[in-house]
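Take a look at the structure below.
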Amino acid sequence: MNKIGIYYAYWTHDWDADFHPFVDKVADLGFDVLEVNAGTIARMSSEERLRLKAHADDRGIILTYCIGLPHAYDVASPDAAVRAKGVGFLQQMAKAVGEMGGGRIGGILHGAWPSTAIPDGGSDPRPYLDRSVVSMKEAAKTAEDHNVIFNVEVVNRFEQFMLNTCQQALEYVAAVGSPNVKILLDTFHLNIEEDFVGEALVQAGDKLGHLHIGENNRMPPGYGHMPWTEIAAALRRINYSGYVVMEPFVMPGGQVGRDIKVYRDLAVGLDLDKEAQKALWLMRGVLK
Ligand code: MN
């Protein structure tokens, strides 16, 4: 049975947050994993990080980490100074998570997010991918030294232009060539870009380092048309033993609402905690 988690930003309007209340909340709801913002973790003091890790351990919660790189840290940028800052930021996050015992950092680590268009006005992502691979090779060494896996997330074309399919991500991680760089797939994005969601998961195989689950409408699992049975069968077929982290976004407002483009309230009449727990129970049944 895969360990199941949820992303804290389901409950927040801002990316920065105090994660301690969320450790208690998700433990009380019955989750195994809490995913938090890797950028916030990197900016915390060592003491604050260790206190958070101790709290999570105390509640039996595994922490995972996620970020979309801000444009100032774009490791694919044509500007070498920006790329260097980006590599430094990836290294800083790897060291920070390493201090907490290591673990998985996922998200748009290979470029800037959100990136709705190719910054140079062109239509060829290749130069960005080539520069990103060079940056990632450098950052991967730090990940290897600090017991961290970087999982590059495949997202839809309206959020980023570099890795929109599992096949593209397989080519990217092969080019990087580090055992500590794998793939994060997300059912919400797969639903938009792939022919079949289950086939994309099978295609990832042992390169699948992390999985986000979400409905086509980013509601908690159970409120959309995602083929959960097909997804579970695909995960069994590749013997996926990693974590399954739901990433619903239902509230407009704040930077989270703006970045995710939640322009209407999807949570009308819903108790967010209860819905998270219902989705957890659904997924425990589906994934067993
Ligand atoms: Mn995701």
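A few remarks follow.
- Residues satisfying the stated conditions in the stretch 60-69, i.e. of a type outside the set (Val, Ile, Thr) and open to solvent by less than 50 Å² (accessible area, probe 1.4 Å): 63, 65, 66, 68, 69
- Number of positions in the stretch 5-46 that are of a type in the set (Phe, Trp, Tyr) and free of Cβ contacts under 8 Å to residues at least 60 places away in the same chain: 3
- Subset of the stretch 22-56 that is of a type in the set (D, E, K, R) and within 16 Å of residue 243 (Cβ to Cβ) - its residue that is farthest from the chain's Cα centre (by Cα): 32
- Counting residues in the stretch 113-134 that are at positive phi, in contact with a strand residue (DSSP E or B) (Cβ under 6 Å, 6 or more places away or on another chain) and within 16 Å of the ligand (Cβ to nearest atom) gives zero.
- Scanning the stretch 180-214 for residues that are over 12 Å from the mean Cα position of the chain (by Cα), within 13 Å of the ligand (Cβ to nearest atom) and either open to solvent by less than 10 Å² (accessible area, probe 1.4 Å) or in contact (Cβ under 8 Å) with a residue 60 or more places away in the chain (or both) yields a single hit, 190.
- Taking the stretch 203-241 as the range and being charged (D, E, K, R) and touching a Pro at 6+ places or on another chain (Cβ under 7 Å) as the test, the residues that pass are 215, 218.
- Sub-6 Å Cβ pairs linking a first residue in the stretch 86-108 that is open to solvent by less than 20 Å² (accessible area, probe 1.4 Å) to a second residue that is of a type in the set (Asp, Glu), at least 6 apart or interchain, are 86/74; 87/138; 106/153; 107/153; 108/153, ordered by first then second residue.
Residues are listed down the side, and each one gets a yes or a no for (1) in contact with a helix residue (DSSP H, G or I) (Cβ under 8 Å, 6 or more places away or on another chain); (2) closer than 19 Å to residue 97 by Cβ; (3) within 16 Å of the ligand (Cβ to nearest atom); (4) open to solvent by 40 Å² or more (accessible area, probe 1.4 Å):
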site	(1), (2), (3), (4)
4	yes, no, yes, no
9	yes, yes, yes, no
36	yes, yes, yes, no
41	yes, yes, no, no
47	no, yes, no, yes
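- Restricting the stretch 11-50 to residues that are hydrophobic (A, V, I, L, M, F, W, C) and in contact with a His (Cβ under 9 Å, 6 or more places away or on another chain), the residue that is nearest to residue 280 (Cα to Cα): 23
- Filtering the stretch 258-271 to residues that are part of a helix (DSSP H, G or I) and more than 16 Å from the ligand (Cβ to nearest atom) leaves only 258.
- Residue among 236, 218, 258, 284 that alone is open to solvent by less than 40 Å² (accessible area, probe 1.4 Å) and basic (Lys, Arg): 218
The values are calculated or read from the model by the stated rules, or taken from the named source; none is laboratory data. Here the structure is a predicted model, which is why all the values come from computation and not from measurement. Counting neighbours? That spans all protein chains shown, and the Cβs are built from the backbone with ideal geometry, glycine included. Accessible surface areas use protein heavy atoms only, side chains included; no ligands, DNA or RNA. Shrake-Rupley method; radii C 1.70, N 1.55, O 1.52, S 1.80 Å.
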